[in-house]
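The values are calculated or read from the model by the stated rules, or taken from the named source; none is laboratory data. This structure is a prediction, so every number in the text was calculated from the model and none was measured. Heads up, the Cβs are rebuilt from the backbone with ideal geometry, glycines too, and the neighbour counts pull from every protein chain shown. SASA here: full protein model, heavy atoms, side chains in, ligands and nucleic acids out. Shrake-Rupley method; radii C 1.70, N 1.55, O 1.52, S 1.80 Å.
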Amino acid sequence: MTRALLVLLCLLALSAPALSQAMQYERPVDTAPREKDIGGGYTTPEVQKPLPRGAWLLILDFALLGAALAASVWLTIYKRSRRAVVWLSLFSLVYFGFYREGCVCPVGSLQNVAVALTDPNYRIPILVTATFFLPLIVAALFGRAFCGGVCALGAIQEFVLIKPVRVPRRLDQALGLLKYAYLGAAIWFAIQPAASRDFLVCRFDPFVSIFRRTGFAHMYAIGAAFLIGGMFVGRPYCRYLCPYGGLLSWCARLAPRGVSITPGRELDCGLCNDACPYGAIEKMRADQAGCLYCARCYRSCPVDRKESGLIAIEEIRPA
Ligand code: SF4
Ligand code: SF4
């Protein structure tokens, strides 16, 4: 608990510069050169999506993010219901994914926050800062509830998983390091001077083209490749590439509460281990850093099902 509180204090301290820069920004479009001034047959490209959104709708988005996080914690840790987590994921996929077209997005906001912390001329709305920190704070207290039922990127992968194969532990761990390299690269490119700045995480988001139904053909292809691969390797983007997932896993290590596969008495039968498609169970216990809060292991657990009145525990106690 003490470590979680320390992390919260660090997160609050880190957020101070970003918060202090949260003021209204207006792009000086009147001074931009026009098509006729540029010449050479130049045509102004279409306005990029998502379009600007009203302030109260942004507040609504943030409120829904907070409510979904609270629901994810409650459904996973306290109610222990895989079915309810699936419904929550479906809501998040439809609302945050297809309706909001990938925004609200804590994953991409890490770049905005990194720039705001390093460039005094760069300003971000306070809600973007809050969107970045809220899932991290929840992770430091309860684990990766954001990944379980709230993140649209996770949800779209969750729903395509049909026949998970087990990735050998060493390969899984080695591939898992990629996300930290990607996190470093994303921050490095984001904090460059404005003229050469690049937001890699947004530019190479594999699912945003699918959510927005628009984008480059190669991004559709990358998204499709992740989804096809994700039919057999559980959530490949989450486990091996998502830079925000790296931050969440650091915070989740400190959480005093999290997924516990059996509510009290363990059988150590290994059924939960077989049920976890993300290799997040070690020595019959959920690994806080890697657990994606999908709640699958609950359904495989004889003790849990016995307490839910689904079966008699004697029926499947291993010999
Ligand atoms: S690991 Fe990243 S993409 Fe996956 S659910 Fe978590 S935040 Fe979303
Ligand atoms: S331990 Fe595995 S199956 Fe259980 S909630 Fe975590 S990721 Fe899902």
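A few notes on this one:
- In the range 209-240, residue nearest to PHE146 (Cα to Cα) [restricted to those that are in a helix (DSSP H, G or I) and within 16 Å of ligand 2 (Cβ to nearest atom)]: CYS238
- Filter pass, ALA174 being within 27 Å of TRP250 (Cβ to Cβ) and touching a Ser or Thr at 6+ places or on another chain (Cβ under 8 Å): no
- Selection from the range 241-256 of residues that are within 15 Å of ligand 2 (Cβ to nearest atom) and either in contact with a Lys or Arg (Cβ under 8 Å, 6 or more places away or on another chain) or more than 11 Å from ALA139 (Cβ to Cβ) (or both): CYS242, GLY245, LEU248, SER249, ALA252
- Applying the condition of being within 14 Å of ligand 1 (Cβ to nearest atom) and assigned to a loop (DSSP other than H, G, I, E, B) to the range 98-132 and asking which residue is modelled with the lowest pLDDT yields VAL104.
- Note on the range 1-81: no enclosed helices (runs of 4 or more DSSP H) hold 3 or more residues that are at pLDDT below 55, among the β-branched types (Val, Ile, Thr) and open to solvent by 60 Å² or more (accessible area, probe 1.4 Å).
- Tally of residues being within 16 Å of ligand 2 (Cβ to nearest atom), more than 21 Å from PHE199 (Cα to Cα) and of a type outside the set (Lys, Arg) across the range 131-159: 14
- Unique residue being within 16 Å of ligand 1 (Cβ to nearest atom), at pLDDT below 95 and basic (Lys, Arg) when the list is ARG166, ARG203: ARG203
- Inter-residue pairs, beta-carbon under 6 Å, first outside any loop (DSSP other than H, G, I, E, B) and in the range 284-299, second open to solvent by 20 Å² or more (accessible area, probe 1.4 Å) and of a type in the set (Gly, Ala, Ser), 6+ apart: ARG296/ALA275; CYS297/ALA275
- Filter pass, GLY143 being out of contact with any strand residue (DSSP E or B) (no Cβ under 6 Å at 6 or more places or on another chain) and on the phi > 0 side of the Ramachandran plot: yes
- Some residue of the range 195-204 being of a type in the set (Asp, Glu), in contact with a Leu (Cβ under 8 Å, 6 or more places away or on another chain) and not in a helix (DSSP H, G or I): no
- Annotation note: of PRO263, PRO277, PRO256, the sole residue that is touching a helix residue (DSSP H, G or I) at 6+ places or on another chain (Cβ under 9 Å), open to solvent by 40 Å² or more (accessible area, probe 1.4 Å) and modelled with pLDDT of 90 or more is PRO256.
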